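Comments concern the structure below.
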């Protein structure tokens, strides 16, 4: 006996309960999103106050440190470079990200820290020599010094005096005893430090200690010294920069290398000492030479115009999405708003803890992630519409189509995240900031898709979208169902209308032309770069610094124009304030002090300034050798990790290699255009290049993802080259739309933005175009050519012929698909073969991927969708 089937009413009730459960879950996800957005808005409002800004946007403190050699000796260039690296490490450890540290002249270091106005605090940390030594008290040769240390005379109690001349202790202490080098024998030095931490001096103490972990050599020396001194409770003296910090008595042997430095430190003082010790000691000592407040290198007016232009560009993007996707464009706009709120909230939170400062490189990372967020939204919408064309109901498409679209987006996001994290952990300077903002944006994009985009589409699909397909922009997809799913013929003289590709473009059929053109362009660029070279900016090669004083009411834009007229259009200009006196600091790429002086005279004459109102100094690059090397290392490692990740994810190393080839092609193109036009390559250009790589990589992974899914079919009825061509066509609308939406604000910035942003916009414009082009015309053809040589796909090429066939309405005419290597027709008729179909009913149209033809030879009804499986993302 067969078990009694459940009544229809019971099945209906079960489906209704399941639907209600899913709806409740989606509603709760929307509620959670709303709470996160409200919290984020609270965190970043107002953004100009809550988000820290970098030196190029906000300005900050400019400090000049002058090196002092021993006994007046000249400081070597090697010691100056080492000092610059140590000071840069200290500045970054203070949380002052995006700072500038550069050599100036032969014995000075210029430090510019964004948003910092307390000169004393800055100098106390960045200028401290940091020479730490431990010595036995009995090794001191000066008896007077030895007695002071033994009796605690190295500490002086602080006091205040009232109006009557009475002195009162403040409870604070000052370390006052200086000891001369050579009057004692060090046991251990700062070079023996392995790790530095901060903790309370004791459980009941209010002051803090700096705890050290010594390396094996230092631990052995310290253990021997404490073993010798323990029987007599001898003392070990701790000396920092020639000042006695403490002199604890030894109670027993300390064999493990754990040492504490106490000196009545506050928490901030202990952390400052930790920063100094972790970065290492300076090879020479420095003294404060000059400090002044400097303005932003971008100029607030240029920045404001850039923000306005970018805002207008984003408004045009929203308008474009509304025109193309209709009501679904509203969902994309809402998703972008959610993404922006979450992103700004995270940046504001990091700024609150001093972990983030927004620079132009950071803005580049934000621009990229906004583009990626728009890309993921467009990708999801296109897949949703595609599933509807393949015969799924609106509700079913909102589940499978959105899921597949999001999974593809996450794959592309994770590949880009690998690159972002590599740049953050291995690079330096503004490249590190770019990596941070990019990584955070990727995480926000994934959260936005899972918490908002998917739930909102699934909530709206069964009712609002299904009932008003015209408003929501899916009517053309529904009208295409009979042609895609049921095999209906397009009537003669009529065209199937819709915002999707009906017949594939023969893109890979032109692969030889694309690859030949790319090779010619790369060779031509190599010749151009070899002949003309690349014009690197002052940040890379150094130059001269011109300081103007008492400049009156002249604006930064007027000074910038004056430098352009004097032959230095790429000069970096900042406003300065020193002792209440307004001025300007200009940096040019000219390494000749005489030429820079001539330019300064021209500028001074323009505004009627005296020739004694400026100084010219030779300066080194902001991006020193160590910064450039670390950035190149980070880039190379990111390429290796990209290849590794794609190889593991798609189980094919060929995808990773060809994706990287496309990236390098894009880089070469941008550098070639800069060399041809003679434009300076600046950190702004580097920020744009990194952004370009992100776009190109994202596009390439999406195309590869579709190829990978389409080729999973057990019985493919065409060559690999044909399927790769079809895969490119399937994602072509998405690629074009995302490129257009990214280009609109960038082109607006290029045409109407300030001069300081045009370099960034130029590189972005070139890169966006080449990035979209290379993923389709470079990476995919190379990958397809490489794969076609594998035995499995070589057999398909022999069976079906070398010609790239073009799908029509997602099907390939059987008469063309089954062409054998000898040119014989293996089947009759022109019946269309669906993607991945296993069989074709004689002369009748086959169903879509995974479906079977009905026994009667008729196309299955569009109402029966249970067996339908559409490959690809």
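Which condition breaks for residue 339 when tested against (1) touching a helix residue (DSSP H, G or I) at 6+ places or on another chain (Cβ under 6 Å); (2) under 18 Å from residue 54 (Cα atoms)?
Looking at each condition in turn, residue 339 falls short on (2).
Which residues, taken from the range 488-525, are exposed (fewer than 13 other Cβ atoms within 10 Å of the Cβ) and within 31 Å of the chain's Cα centre (by Cα)?
Answer for the range 488-525, where residues must be exposed (fewer than 13 other Cβ atoms within 10 Å of the Cβ) and within 31 Å of the chain's Cα centre (by Cα): 519, 523, 524.
Scan the range 377-395 and give yes if some residue there is out of contact with any strand residue (DSSP E or B) (no Cβ under 6 Å at 6 or more places or on another chain), modelled with pLDDT under 85, more than 13 Å from residue 453 (Cβ to Cβ) and surrounded by fewer than 24 Cβ atoms within 10 Å (Cβ to Cβ), otherwise no.
Looking for residues that are out of contact with any strand residue (DSSP E or B) (no Cβ under 6 Å at 6 or more places or on another chain), modelled with pLDDT under 85, more than 13 Å from residue 453 (Cβ to Cβ) and surrounded by fewer than 24 Cβ atoms within 10 Å (Cβ to Cβ), one finds none in the range 377-395, hence no.
Being in the same structural domain as residue 277 (by TED's automatic domain parsing) and loosely packed, with under 12 Cβ neighbours inside 10 Å narrows it down to one of 245, 200, 251, so name that one. Before you say what the answer is, go through the steps one by one.
Values: 245 fails: loosely packed, with under 12 Cβ neighbours inside 10 Å; 200 fails: loosely packed, with under 12 Cβ neighbours inside 10 Å.
The conditions single out 251.
Filter the range 666-684 for residues that are out of contact with any strand residue (DSSP E or B) (no Cβ under 9 Å at 6 or more places or on another chain) and surrounded by fewer than 23 Cβ atoms within 10 Å (Cβ to Cβ) and give the result. Give the steps one after another, and end with the answer.
Going through the range 666-684, the residues out of contact with any strand residue (DSSP E or B) (no Cβ under 9 Å at 6 or more places or on another chain) turn out to be 666-670, 672-673, 676-677, 683-684.
Residues satisfying the conditions are 667, 668, 669, 672, 673, 676, 677.
Output yes when any residue across the range 416-436 is closer than 30 Å to residue 475 by Cβ, surrounded by 23 or more Cβ atoms within 10 Å (Cβ to Cβ) and modelled with pLDDT of 80 or more, and no when none is. Explain how you work it out, then say what you get.
Taking the range 416-436 first, the residues closer than 30 Å to residue 475 by Cβ are none.
The answer is no, given that none of the residues of the range 416-436 is closer than 30 Å to residue 475 by Cβ, surrounded by 23 or more Cβ atoms within 10 Å (Cβ to Cβ) and modelled with pLDDT of 80 or more.
Assess whether residue 259 counts as being under 26 Å from residue 157 (Cα atoms), over 50 Å from the mean Cα position of the chain (by Cα), at pLDDT below 90 and assigned by TED's automatic domain parsing to the domain that holds residue 185. Spell out the reasoning first.
On the way: under 26 Å from residue 157 (Cα atoms): yes; over 50 Å from the mean Cα position of the chain (by Cα): no; at pLDDT below 90: yes; assigned by TED's automatic domain parsing to the domain that holds residue 185: yes.
Considered against the rule, which asks whether it is under 26 Å from residue 157 (Cα atoms), over 50 Å from the mean Cα position of the chain (by Cα), at pLDDT below 90 and assigned by TED's automatic domain parsing to the domain that holds residue 185, residue 259 comes out as no.
Taking residue 324, is it assigned by TED's automatic domain parsing to the domain that holds residue 45, closer than 22 Å to residue 473 by Cα and in contact with a helix residue (DSSP H, G or I) (Cβ under 7 Å, 6 or more places away or on another chain)?
yes
Mind telling me which of the residues 322, 358 ends up being closer than 23 Å to residue 768 by Cβ and in contact with a strand residue (DSSP E or B) (Cβ under 7 Å, 6 or more places away or on another chain)?
Numbers: 322 fails: in contact with a strand residue (DSSP E or B) (Cβ under 7 Å, 6 or more places away or on another chain).
Unique residue meeting the criteria: 358.
Going through the range 461-487 one residue at a time, which ones are crowded, with 20+ Cβ neighbours inside 10 Å and under 20 Å from residue 322 (Cβ atoms)?
If the condition is that a residue be crowded, with 20+ Cβ neighbours inside 10 Å and under 20 Å from residue 322 (Cβ atoms), then 461, 465, 472, 473, 474, 477 are the ones that fit.
Testing residue 187 on (1) assigned to a helix (DSSP H, G or I); (2) in contact (Cβ under 8 Å) with a residue 40 or more places away in the chain; (3) closer than 17 Å to residue 261 by Cβ, one condition comes back false. Which one is that?
For residue 187, the exception is condition (1).
Would you check if there is a residue in the range 505-521 being within 24 Å of residue 681 (Cβ to Cβ), in contact (Cβ under 8 Å) with a residue 12 or more places away in the chain and in a helix (DSSP H, G or I)?
Looking for residues that are within 24 Å of residue 681 (Cβ to Cβ), in contact (Cβ under 8 Å) with a residue 12 or more places away in the chain and in a helix (DSSP H, G or I), one finds at least one in the range 505-521, hence yes.
If the requirement is being outside any strand (DSSP E or B) and closer than 30 Å to residue 283 by Cβ, which of these qualifies: 204, 223, 230?
Result: 223 is the single residue among 204, 223, 230 that is outside any strand (DSSP E or B) and closer than 30 Å to residue 283 by Cβ.
All but one of (1) more than 22 Å from residue 32 (Cβ to Cβ); (2) surrounded by fewer than 22 Cβ atoms within 10 Å (Cβ to Cβ) hold for residue 358; which doesn't?
(2)
State yes or no: is residue 559 in the same structural domain as residue 615 (by TED's automatic domain parsing), over 28 Å from residue 631 (Cβ atoms), crowded, with 22+ Cβ neighbours inside 10 Å and touching a helix residue (DSSP H, G or I) at 6+ places or on another chain (Cβ under 9 Å)?
Answer is yes for this residue.
Do we find a residue being surrounded by fewer than 16 Cβ atoms within 10 Å (Cβ to Cβ), in contact with a helix residue (DSSP H, G or I) (Cβ under 8 Å, 6 or more places away or on another chain) and more than 30 Å from residue 69 (Cβ to Cβ) anywhere in the range 210-225?
No, every residue in the range 210-225 fails to be surrounded by fewer than 16 Cβ atoms within 10 Å (Cβ to Cβ), in contact with a helix residue (DSSP H, G or I) (Cβ under 8 Å, 6 or more places away or on another chain) and more than 30 Å from residue 69 (Cβ to Cβ).
Looking at this structure, is residue 400 in the same structural domain as residue 35 (by TED's automatic domain parsing) and under 30 Å from residue 55 (Cβ atoms)? Give the steps one after another, and end with the answer.
Details: in the same structural domain as residue 35 (by TED's automatic domain parsing): yes; under 30 Å from residue 55 (Cβ atoms): no.
No.
Just to verify a result, which residue in the range 560-599, among those that are over 17 Å from residue 60 (Cβ atoms) and in a strand (DSSP E or B), is modelled with the highest pLDDT?
586
Across the range 731-760, what is the number of residues that are free of Cβ contacts under 8 Å to residues at least 40 places away in the same chain and closer than 18 Å to residue 687 by Cβ?
Counting residues in the range 731-760 that are free of Cβ contacts under 8 Å to residues at least 40 places away in the same chain and closer than 18 Å to residue 687 by Cβ gives 3.
The values are calculated or read from the model by the stated rules, or taken from the named source; none is laboratory data. Treat the numbers as computed from the prediction; the structure is a model and nothing was measured. Neighbour counts are summed over all protein chains in view; Cβ atoms, including those assigned to glycine, are modelled from backbone coordinates with ideal geometry.
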